[in-house]
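Here's the structure we're looking at; comments come further down.
What follows draws every value from the coordinates through simple rules; no lab data is involved. Because the structure is a prediction, the values reported are computed rather than measured. Here the Cβ positions follow ideal geometry from the backbone for every residue, glycine too, while neighbour counts run over all protein chains shown.
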Amino acid sequence: MKADSDCTLKMAIDGPAASGKSIVGREIARRLGLRFLDTGTMYRAITWEVIRTDVSLDDACELTAMAAHANMQLVSSKDGDRLLLNGDDITDMLRLPEVDANVSAVSALSGVRRALVAQQRNIAANSGIVMCGRDIGTVVLPDAGAKIFLTASAEIRAKRRAIEAGQEHDLQRVLDDMRRRDKIDSEREDSPLHPADDATIICSDNLTVEDVVLQILSKVRAC
Ligand code: DC
């Protein structure tokens with residue numbers, strides 16, 4: 001496979017929060033001329049809708065129905081991708097602290113996962129894509145042509161996230177929150193976070209974004 005000219009390539013990039021999946025995935029997609037989807041935004045969108053409509057997080061039936069009927073559209077703009085949920089631009093809500101606090105619980109629900117995985121497979125169906133998340137190589141696209149599991153220590157990831165959010169003064173809280181989410185994401189029953197057997201594992205602790213992008217591209221080109 002020559003990735004430079006393969007516009008049907010499907011690449012899965014999985015890993016824990018703040019491991020760099022999104023920035024790396026977006027850049028690889030740009031260089032290879034592929035589409036890019038960060039599936040975390042879909043779980044965040046449902047979580048925002050749950051909060052906005054004041055539905056109980058314990059109401060698995062209602063949350064499943066919400067995910068099944070969610071109409072999500074990614075629209076490119078000069079400031080990056082915007083996410084429309086049922087016609088409303090909710091991009092600015094996706095990183096709110098209340099979404100961060102509840103998204104792991106929402107994404108642990110099997111009904112929600114079933115609905116969103118079906119949408120993700122539809123999106124991937126017709127042409128090449130770089131898709132990132134927690135279960136892309138294991139569940140969503142098990143036949144992906146390239147699978148990467150990107151990781152980094154919790155301390156480094158928390159530091160990156162704190163800098164990004166201007167919360168360096170609160171590093172311990174960011175680290176505690178990251179560990180709490182890692183635990184839920186990797187211990188849940190349905191599609192827990194773990195590398196696919198055939199994934200290449202990259203630890204980005206001592207690597208720049210460009211280092212990681214180059215490692216992945218050389219791996220893909222060698223296939
Ligand atoms: O990558 P992120 O932090 O935006 O992901 C938000 C949450 O969604 C996180 O708790 C894990 C969950 N998620 C998931 O379970 N499966 C995916 N494919 C993507 C994200």
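Database remark: amide H of residue 20 closer than 5 angstrom to no amide H (H placed geometrically; neighbours at sequence offset of 5 or more, or on other chains; Pro and chain starts carry no H).
Calculated from the alpha-carbon coordinates, the chain shows an Rg and a Dmax of 16.9, 50 Å respectively. Distance between the C-alpha centres of the range 156-198 and the range 18-69: 16 Å, rounded to the whole angstrom. Overall, the chain carries a charge dipole of about 700 debye about its Cα centre when +1 sits on the Cβ of Lys and Arg and -1 on the Cβ of Asp and Glu, all other atoms neutral. Based on the reciprocal of the average 1/r between different C-alpha atoms, the Kirkwood radius for the range 19-69 equals 12.8 Å. Computed over neighbours whose Cβ is under 12 Å from that of residue 165, the net charge equals 0, Lys and Arg +1, Asp and Glu -1.
In order along the range 66-73, phi translates into HN-Hα couplings of 4, 5, 5, 9, 5, 9, 9, 9 Hz, rounded to whole numbers, per the Karplus curve 6.51 cos²θ - 1.76 cosθ + 1.60 with θ = phi - 60° and x for Gly and Pro.
Report, as a whole number in µm² per second, the diffusion coefficient that Stokes-Einstein gives for the range 106-158 at 37 °C and 0.692 mPa s using the Kirkwood radius over alpha carbon pairs. Provide the component values of the computation, followed by the final result.
Numbers: Rh = 12.6 Å.
For these conditions, the coefficient is 260 µm²/s.
Taking amide hydrogens as placed 1.01 Å from N in the peptide plane, the amide H of residue 201 sits under 5 Å from those of 149, each at least 5 positions away in sequence or on another chain. Computing FRET efficiency as 1/(1 + (r/R0)^6) for residue 56 and residue 114, where r is the C-beta to C-beta distance and R0 is 22 Å, gives about 0.65.
What percent do you get for the relative contact order of the chain when only Cα pairs under 8 Å and 6+ apart count? Before the final figure, lay out each step's value.
Numbers: 339 pairs, mean separation 75.6, N = 223.
Relative contact order for the chain comes out at 34 percent.
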